[in-house]
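None of the figures in this text is laboratory data; all of them are computed from the coordinates on show. Computed from a prediction, not measured in an experiment: that's the story for all the values here. So basically every Cβ, Gly included, is an ideal-geometry build from the backbone, and we count neighbours across all protein chains shown.
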Amino acid sequence: MDQPTSLVWLRNDLRLSDNPALVGARRNGGRVVALYIHENAEGLRVPGAAARWWLHHSLEALGPALAKAGIALLVRSGAAQSVLEKAIADEGAGSVHWNRRYAPGEREIDQALKSHLRDRGLTVTSYPGNLLAEPWTIATGQGKSYSVFSPYWKTLRDCRIDAPLAAPDAAGGKLAARGWDGDYKAPHWAAKFGGQWQIGEAAAQQALHDFLDDRLEDYPEGRDFPGRDVTSRLSPHLRFGEISARQVWYAALARIEAEPEVKPAVDKFLSELAWRDFSYHQLYHRRDIATVPMQEKYGGMRWHADGAAETAWQKGQTGIPIIDAGMRELWQTGYMHNRVRMLVASFLTKNLLVDWRHGERWFWDCLVDADVANNPASWQWVAGCGLDAAPYFRIFNPVTQGERFDEAGLYVRQWVPELAQMPDKWLHDPASAPEDVLRKAGVTLGTTYPKPMIDLKASRQRALERQGEL
């Protein structure tokens, strides 16, 4: 008797290697079919526009790779239950497999589906596929979830992290990818990202090894300098699961085995990878962190509604060079250097006193790596309302930060070309430059480049006073 088909529901795991759901399905024997659903259920966070662009290309890369392994890929849109039921009926599936996800709405859907499908007589299996350690497996000595990163990282580092799984062997011969959903479109405005990224599992692996081979040793110090090409840029690949956190972890540890002297650099890199798990730890154990401040007192924060200021921030027209550089990099590439992300978030939430949720939503729409856990957790950290947040009195000065971390102006000159001829001394604070310096650089404040939209010293004091009310 032929074995029934196994259906793998792919979500944030668009890869063949180290994919427990695919491996589990193949172990069943028989045919394996993969399904991706563009879900539209209430309570789910639909990917932003930039992420949808990446997703479209990631699925295009995944389909042929799966086909070579004898696995067909179906891509559908709709509510998960109805799409799954139709796919199960069409394919004659007897079992369903997926790697777990952790946001509140996602968990509710998955739990209800698991119960419903099992009641229909199907075998449904979920797997740990997207984190180093699942959120409920790490707890304090009192059995509670962690609120501070440092002890969380110490605990995680001492955990047994499973080794990555090999990709499933090919079975049944090469197939043609089929069942594409022609109604789903990536946004037109994101087409400008084309040529700036390599997308898919092979590209993710290449990005990891290029980083470990060429940039790792400069990472601990160089990662803070946006003008240097030192970071891994793995975040969008991790966000879509084109590479797993476990693969990154074990590849980095292998570098230590080969070259013990790189251990400090690897430790720093892995601690940053662990922040991703910590964000999911917070997401899992608390209310919706995209809308609810993790420190309750921030529910009473008096934010300042200023649509014009928020628009200037979005467009990179604040008159603060490194802020404008970051926001323009975001719009042009779907990405922003991590230090600059902190600066632009601090400027919005503290200098402008705009609600952090507004910035989080803009990033959600514009970032190719916009992640359901990392994005809101990072915004709450900067805004001061996260659990292990920057202290309320820590307000980045973007001028001094620019002078420190972009001393030669490589980053600002790339993204704010109207300031390209400014001398280093005045590049990060053109409003303070003498008239003859501005004239020689071809800069007319208020015309070719905006005047600063706000006084940094006065706005800092206002932010301290406002947060002191809490």
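Which residues in segment 6-35 have a backbone N closer than 11 Å to a point placed 7 Å from the Cα of TRP136 along the Cα-to-Cβ line?
Under 11 Å, as judged by backbone N against the label point of TRP136, lies no residue of segment 6-35.
Cβ under 12 Å from GLN421's Cβ, GLN421 left aside: what net charge do those residues give with Lys, Arg +1 and Asp, Glu -1?
Residues close to GLN421 contribute a combined charge of +1.
Could you give the length gained on full extension between ASP424 and GLU465, defined as 0.36 nm per residue of separation minus the Cα-Cα distance, in nm?
Gain on extension, ASP424 to GLU465, equals 11.4 nm.
Rounded to the nearest 20 debye, what is the charge dipole size of the chain about its Cα centre when +1 sits on each Lys and Arg Cβ and -1 on each Asp and Glu Cβ?
Once rounded to the nearest 20, the dipole reads 680 debye.
Per the helix-only calculation at 222 nm, which mean residue ellipticity applies to the chain, given -39500 (n - 2.57) for every DSSP H run of n ≥ 4 and division by its residues, nearest 500 deg cm²/dmol?
That comes out to -13500 deg cm²/dmol.
With each pseudo-label sitting 7 Å past Cα toward Cβ, what's the ALA258-ASP214 distance in nm, one decimal?
1.5 nm
Counting Lys +1, Arg +1, Asp -1, Glu -1, what net charge surrounds SER126 among other residues with beta carbon under 13 Å of its beta carbon?
+2
Could you tell me which residue out of LEU122, ALA21, LEU353 lies farthest along the dipole of the chain toward its positive end? Charges go on the beta carbon: Lys and Arg +1, Asp and Glu -1, centred on the Cα centre.
Of the options given, the answer is LEU122.
Given a Förster distance of 30 angstrom, what is the FRET efficiency for SER432 paired with TRP189, based on the Cβ-Cβ distance and rounded to 0.05?
0.25
Would you work out which of LEU131, PRO104, GLY141 lies farthest towards the positive end of the dipole of the chain, given +1 charges on the beta-carbon of Lys and Arg and -1 on that of Asp and Glu, about the Cα centre?
PRO104
Test of the criteria: in segment 382-470, which chymotrypsin sites (Phe, Trp or Tyr not before Pro) are in a DSSP loop and have at most 11 other Cβ atoms within 10 angstrom of their Cβ?
Nothing satisfies the criteria.
Lys and Arg at +1, Asp and Glu at -1: add these up for the other residues within a Cβ distance under 15 Å of ASP158 and post the number.
So the surrounding residues net to 0.
If you keep only loop residues by DSSP, which GluC sites (Glu not before Pro) in segment 17-61 have at most 10 other Cβ atoms within 10 Å of their Cβ?
Filter output for segment 17-61: GLU42.
What ranking, highest mean first, results for peptides 209-221, 344-356 when packing means the other Cβ atoms within 10 Å averaged over each residue?
So the order, starting with the most tightly packed, is 344-356, 209-221.
Of the options ILE256, LEU62, VAL75, report the single residue whose Cα projects farthest towards the positive end of the charge dipole of the chain (beta-carbon charges: Lys, Arg +1; Asp, Glu -1).
Going by the Cα projections, it comes out as VAL75.
If you place +1 on the Cβ of every Lys and Arg and -1 on the Cβ of every Asp and Glu, how big does the dipole about the Cα centre of segment 5-129 come out, in debye to the nearest 20?
260 debye
Any chance you could run the full-extension gain for HIS304 through ALA202? It's 0.36 nm times the residue separation minus the Cα-Cα distance, nm to one decimal.
Length difference between fully extended and current span is 32.2 nm.
Considering Cα pairs under 8 angstrom that are at least six residues apart, work out the relative contact order of segment 296-468 and quote it in whole percent.
For segment 296-468, the relative contact order is 27 percent.
Counting pairs of alpha carbon atoms under 8 Å apart in space and at least six apart in sequence, what relative contact order in percent does the chain give?
17 percent
Setting aside same-chain residues fewer than 8 positions from LYS68, which lysines have a Cα under 27 Å from its Cα?
Straight-line reach from LYS68, under 27 Å: LYS86, LYS174, LYS185.
Taking 0.36 nm per intervening residue step and subtracting the Cα-Cα distance, what contour gain separates GLU60 from ASP90 on full extension?
Residue separation times 0.36 nm, minus the Cα-Cα distance, leaves 8.6 nm.
Can you compute the FRET efficiency between GLN81 and LYS440 using 1/(1 + (r/R0)^6), with r the Cβ-Cβ distance and R0 = 60 Å? Round to the nearest 0.05.
That gives a FRET efficiency of 0.35.
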